[in-house]
Amino acid sequence: MSYYFEMRFLPVSSREEAFSTSIEFATALASRNTARKYIKGLLSRMEKLPFSYDERKDFVTAAFQVHCTYWPGLKLLGLTTKNWPEDVFGSFSFTKPIQFQNSTDQNYPLETWDDRVPVFKKVKERVAGMSGADILSAMRWDDGDLWEGPGIGYAQKSLVYKEIFKKLDFNNWLHGNVGQFERFVVSGVTTAEMVGYLTLLTKSMVMEMDAKSPNIRPVLWESASQPSDMQDDSIAFLLSEIKEARMGEKLRPNSYLSNMVVNYQSSQQCASTDTALKEIEAGLNRELAKRYLEMVGEDEDARKNGWLYLCKDGDKVVKIIRGEPGEDAWEFAVVAANWHGDLLILKTCADEAAAKKYIADNGYTLVESGTDS
């Protein structure tokens, strides 16, 4: 059976430390900055990008699983690597990655086996004290041309590899058998919200890698009459990117959002990036609210919530109207101004003073009052 895998190792004092360290590592891997770098690296190596939602979700779920092995008898933790960003190991003391394979010579430099791992150090010391004949016997080789060719050092280093492979019981590990180890999987992606964010992040990167430039797409502020071709999850992702850009006071170069900002600044002759971000955010929120309101139809509570969402980044403009005696069940009403469609009543009141108090208490802006007709 041919094999290839890569591991990093860390001596631990107990099973509990092995678990806690693994969880800590998985959490660090799923942190926003590291996750972004990790996903980008994985996508750059993929022959087929995950275009559908299910493909992206499965990709994220699998990518952030950390496969761990613990050897109780050796007090040793091993992580099977996955092209993780090197800086995620900054606060950990794992060894450098070690490749195990049988498709090449196994005379690895002795420095490969970190002396901080007791089993590595013991094997190296034991092999170093063996005679050449004993080394050849252990390798089941005869001296033949070895002395004139690669020399005994080749056999010595090959034996160190062989002995460490045996100590770690990798024959059973490779075949999925029970052995002198315990295997478990942990993930730092622990909530539906994290899965959603990372899935959206993956979609954004896939769009960029697939060369789908936003420069040729209609944007929300250019024409109110043109519906956006963005999906809801794309809008939600861009809103999260805007929030992150404001917190970090910078945009990711060549990202979908940075291109949108350039478009806006060019079409509106706007020099301020912050202003552009606010306008884009407002436009995205308006688009989401419009879709929400179209969906809820005649549900009054839902329509009111939609109006509040629509206006959350601007003035909540209202007016007071008076009902017709004998026709309306209310005397005065606070209604949404600039509302297109059926009248949206926010509150009915016994008198105008109560209506004005409701407006003041809720932070609304009164623009006019009159009588309903």
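Derivation of every value follows stated rules applied to the coordinates shown; laboratory data play no part. Small disclaimer: the values here were computed from a predicted structure and weren't measured.
Shape class of region 4-187 from the Cα gyration tensor (axes a ≥ b ≥ c, square roots of the eigenvalues): prolate, since a/c reaches 1.5 or more and a/b is larger than b/c. Taking amide H atoms as placed 1.01 Å from N in the peptide plane, the amide H of Val318 lies under 5 Å from those of Ala337, Thr365, Leu366, Val367, each 5 or more residues away in sequence or on another chain.
Return a whole-number percent for the relative contact order of region 4-187, with Cα pairs under 8 Å and 6 or more residues apart as the contact set. Relative contact order here is 33 percent.
In straight-distance terms, cross-link reach from Lys124 covers every one of the lysines whose alpha-carbon lies under 29 Å from its own, apart from those fewer than eight places away in the same chain; here that gives Lys75, Lys82, Lys96, Lys157, Lys162, Lys166, Lys167. Distances between placed amide hydrogens fall under 5 Å for Lys347 paired with Val334, all partners being 5 or more residues away or on another chain.
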